[in-house]
Amino acid sequence: MTLGQLAILAAALFLVGSAEVVAGPLMTAMAPDFGVAPAAIAFLPAAYGLAYGGFAILAGPLSDRLGRKRPLQAGLLGFAALSAALPNAPDLAAAVALSALCGLCGAVIQPNALSLVADSASGREVDRLTARVFVGLMSAFVITPSIAGAVADRFGWRWAYYLLALLAALAFLAVTAAFRPGHAHAASGSLAATHRAALATPGVLRRLSASYFWLGWVAGFGVVVADVAARKLALSPTDAGLLAGFFGLVTIAGNLAGPSVRDALAERALPLACFTASAGVLAFALPAHSVVELALIGLPWAFGYGCGGPLHHARLSGMSARFRGTINSYHASLLNLGICSTSFLFGALAPLAPLGLFYALVGGVSLLGAVQLVLAARKDGYDEAQKRAAARVAASVSPASIQRNDGS
């Protein structure tokens, strides 16, 4: 895969992430135009995430049956049209519906973009390429809120969505020009049969459970980390946003460092990154008296999350070439379900309980996912050892070895 193709796929993931956070800095400006309170604008990203998580499971088999390029093109084109239409919605209900439809497009874009990466590489190369493409997704959480706020202040909030629409249209054209149609891997049988076969892949269920219990919950913690920091230290929105941006940069650094950690630690790299991120969430319960102290406390969570996320995805992508799109769709759906679960838990607990309970629950659930990945790694190691032993036995009883032993 060329550098240009990687950049296109990273841009596609940037759009997926941007749609989740673009409304955040626009709430106050959008609310009067829709005649609602600013807090009601939060229904836009909520609808996007819920539709994304629900539809991703259906979108994966389509890429296995139709190839990656056509679904990716359709997702980008739909994303562009819906992003352009949302600012012209007559009321909030229509805007929420358009945001949900945009989530359907995001559910098509991400699994297909990441499957294209795995289709073009193998082994450790997948780790490296996946980490690079994931930078596009993670950078959206750092770049998009600041750009959206600046665009809204100068041109009006609608232009933030128009800019997303333009970027999606350009990404569509770039995908059209840079990628070949590809081929289907699982074109025969029903969609239900495709799902069953994908889930029957050895070891996939345990790793998919980690997509929800570990990756979804540590990623969900990132969605609310600015509010967590503001409550913990009574920070202003500006300072909380800057701290969240710092954690985003650390996460990107983890993305880029992941392949090197994998080279150094082999199969231990992913479980270690997972335990580091989970322990980092629990570390937020430690006392902090300044932004600098809290930034240092959060480093293990942000770096472990950034390092482990692409490694986990690359491992899932390599489990079955034939059903890669379907497995990736389950991964994306469970990841978003974990994010929604964490956000809901924070919203339910924050007014009623101390933050320490939230840290304990998120850290505990994510540790369950980390344990699943440890068990999966041990099972993979055992299976590999069995294969090597069988190969040695087969070699020892081959005709050539029998002749040598007979002295013939």
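The values are calculated or read from the model by the stated rules, or taken from the named source; none is laboratory data. Since we're looking at a predicted model, the values are computed, not measured. Because the Cβ atoms are built from the backbone with ideal geometry, glycine has one as well, and the counts that use them run over all protein chains shown. Areas reflect the complete protein model, heavy atoms only, side chains present, ligands, DNA and RNA absent. Shrake-Rupley method; radii C 1.70, N 1.55, O 1.52, S 1.80 Å.
What the table below lists for this structure:
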| quantity | calculated |
| --- | --- |
| Test: Gly35 is in contact (Cβ under 8 Å) with a residue 40 or more places away in the chain and open to solvent by less than 40 Å² (accessible area, probe 1.4 Å) | no |
| Residue within the range 105-115 that is small (Gly, Ala, Ser) and open to solvent by 10 Å² or more (accessible area, probe 1.4 Å) present | no |
| Hits in the range 346-363 (condition: over 15 Å from Val225 (Cβ atoms) and either of a type in the set (Val, Ile, Thr) or in contact (Cβ under 8 Å) with a residue 40 or more places away in the chain (or both)) | Gly356, Ala360 |
| Residue that is modelled with the highest pLDDT [pool: residues in the range 197-207 that are assigned to a helix (DSSP H, G or I) and within 15 Å of Gly325 (Cβ to Cβ)] | Val204 |
| Gly67 being in the same structural domain as Ala19 (by the TED database), more than 19 Å from the chain's Cα centre (by Cα), open to solvent by less than 60 Å² (accessible area, probe 1.4 Å) and within 17 Å of Ile8 (Cβ to Cβ) | yes |
| Restricting the range 150-183 to residues that are in a loop (DSSP other than H, G, I, E, B) and open to solvent by 40 Å² or more (accessible area, probe 1.4 Å), the residue that is modelled with the highest pLDDT | Arg180 |
| Residue selected from the range 116-131 under the condition open to solvent by less than 60 Å² (accessible area, probe 1.4 Å) and assigned to a helix (DSSP H, G or I), by the criterion modelled with the lowest pLDDT | Asp127 |
| Residue match in the range 279-286 (condition: open to solvent by less than 80 Å² (accessible area, probe 1.4 Å), part of a helix (DSSP H, G or I) and over 26 Å from Pro354 (Cα atoms)) | no |
| Condition check for Pro45: in contact (Cβ under 8 Å) with a residue 24 or more places away in the chain, over 17 Å from the mean Cα position of the chain (by Cα) and crowded, with 19+ Cβ neighbours inside 10 Å | no |
| Residues of the range 48-64 satisfying the condition of being open to solvent by 20 Å² or more (accessible area, probe 1.4 Å) and over 24 Å from Ala93 (Cβ atoms) | Ile57, Leu58, Leu62 |
| Test: residue in the range 72-91 that is modelled with pLDDT under 90, open to solvent by 40 Å² or more (accessible area, probe 1.4 Å) and on the phi < 0 side of the Ramachandran plot | no |
| Residue within the range 235-250 that is under 25 Å from Val21 (Cα atoms), surrounded by fewer than 18 Cβ atoms within 10 Å (Cβ to Cβ) and among the acidic types (Asp, Glu) present | yes |
| Qualifying residue in the range 293-304 (condition: under 17 Å from the mean Cα position of the chain (by Cα), open to solvent by 30 Å² or more (accessible area, probe 1.4 Å) and at negative phi) | yes |
| Some residue of the range 361-368 being part of a helix (DSSP H, G or I), surrounded by fewer than 24 Cβ atoms within 10 Å (Cβ to Cβ), at negative phi and within 17 Å of the chain's Cα centre (by Cα) | no |
| Meets criteria (closer than 25 Å to Leu361 by Cβ and open to solvent by less than 50 Å² (accessible area, probe 1.4 Å)) for Ala229 | yes |
| Residue in the range 322-335 that is surrounded by fewer than 21 Cβ atoms within 10 Å (Cβ to Cβ) and over 30 Å from Cys105 (Cβ atoms) present | no |
